[in-house]
Amino acid sequence: MQIGFVMYNGLTALDFIGIHDAVTRLKTMGFNENICWETCALTERVTATGKVTFEPTAVGEELDRFDVVVVPGCVDVDSVTADDELIGWIGTAKGADLLVSVCTGSILLAAAGLLKDIPATTHPTAYDTLSEYCEVIDDRIVDTGDIITARGVTSSIDLGLHLCEKFADRETREAIAAQMDYPHYSGSQAT
C-alpha cells in the first residue's frame, strides 16, 4: 500500500503530523511491512504553520499513483483554494483507492472536484464553506468507504488511528494508541 501525504505552503503542521505519526507506526512497529509512504508537494520545500519546514520526498508527481492520498488542512483556506495549480494537482488524486482529509483539507478535496455528492466534515468554523460543495456532517470522522474526512486539527490523531484499524484491525489500533499514550480515540461515523 502506497500512501501519499500532500504538503503545501500554509498547511497546518499537526493536521499532517498527527495522522502521519499514527499510520506510519503500522510499519515502524512491525504490523505491516507492505505500507510505504511519500510526502508529496509541488515544491522542494514546504513551510507549514509556525514556520515549520518540510522537504517532501516526491515533488511534482501526480497523486493517482498512490493507493491512499491524505490532504491536511490549512488556516487560510481561501488563499489555498485560489491556487489553481495546487487544486489542479490535488485533483490528480482522483484515481486513488482512498482519499483522506483532515480539517479544511476536505475543502481542498471539494475544490478539486473530489467530493461531489459525498458527505464530509471539516473544522466547525468552515462548515459554511464546505457546504458550498457538499453535505456537511457534524461528526469527528466521516467514513464513506472510499473517502474519509475528519474535523479540526486534533482529529488528525483519531483519523490516523481510524486508518490503523481500517488497514489492520482493532487490536493493532489499540496497540498503536497505547504506544502513542493516546487514550482519547473517539472512533468514527460511517456514512
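The values are calculated or read from the model by the stated rules, or taken from the named source; none is laboratory data. The structure presented is a predicted model; accordingly, all values stated were derived computationally and were not measured. Here Cβ is always computed from backbone atoms with ideal geometry, including for glycine, and neighbour counts include all displayed protein chains. Note: accessible area is taken over every heavy atom of the protein model, side chains too, but ligands, DNA and RNA are not part of it. Shrake-Rupley method; radii C 1.70, N 1.55, O 1.52, S 1.80 Å.
Brief remarks follow.
- At a probe radius of 1.4 angstrom, the accessible area of the chain per residue rounds to 45 square angstrom.
- Counting all C-alpha pairs of the chain, share separated by more than 26 Å (%): 22
- Gyration tensor (alpha-carbon) shape descriptor, the range 15-68, a/c threshold 1.5: oblate
- Label zone (His184, point 7 Å along Cα-to-C-beta; backbone nitrogen cut-off 15 Å) within the range 134-168: 140-141, 151-162.
- Other residues whose C-beta falls under 12 angstrom from the C-beta of Ala178 contribute a net charge of -1, scoring Lys and Arg +1 and Asp and Glu -1.
- Residues in the range 37-51 that a label on Arg65 would reach, taking backbone N under 15 Å of a point 7 Å out along Cα→Cβ: 37-43
- Here the Gaussian network model covers the chain, with springs between Cα atoms less than 10 Å apart; of Ala111, Ala58, Ala178, Ala178 fluctuates the most.
- With DNA, RNA and ligands ignored, accessible area of Glu135 (1.4 Å probe; Å², nearest 10): 120
- The heavy atoms of Thr49 offer some 50 square angstrom of accessible surface to a 1.4 angstrom probe.
- The range 116-158 shape via C-alpha gyration tensor axes, a/c threshold 1.5: oblate
- Looking at the chain, the DSSP beta bridges with both ends there are about 20 percent antiparallel.
- Value of [θ]222 nm, deg cm²/dmol, for the chain, DSSP H segments ≥ 4, -39500 (n - 2.57) each, nearest 500: -9500 deg cm²/dmol
- Using heavy atoms of the protein chains and a probe of 1.4 Å, the accessible area assigned to Tyr185 is about 50 Å².
- Carbon plus sulfur fraction of accessible area for the chain, probe 1.4 Å, in percent: 45
- Note on Arg170 and Asp138: with the Förster distance fixed at 41 Å, the Cβ-Cβ geometry gives a FRET efficiency of about 0.95.
- Cα gyration tensor shape for the range 92-191, rounded if a/c is under 1.5, else prolate or oblate: prolate
- Of the residues Ser131, Ser106, the one with the largest accessible area comes first in the ranking Ser131, Ser106, computed with a 1.4 Å probe on protein heavy atoms.
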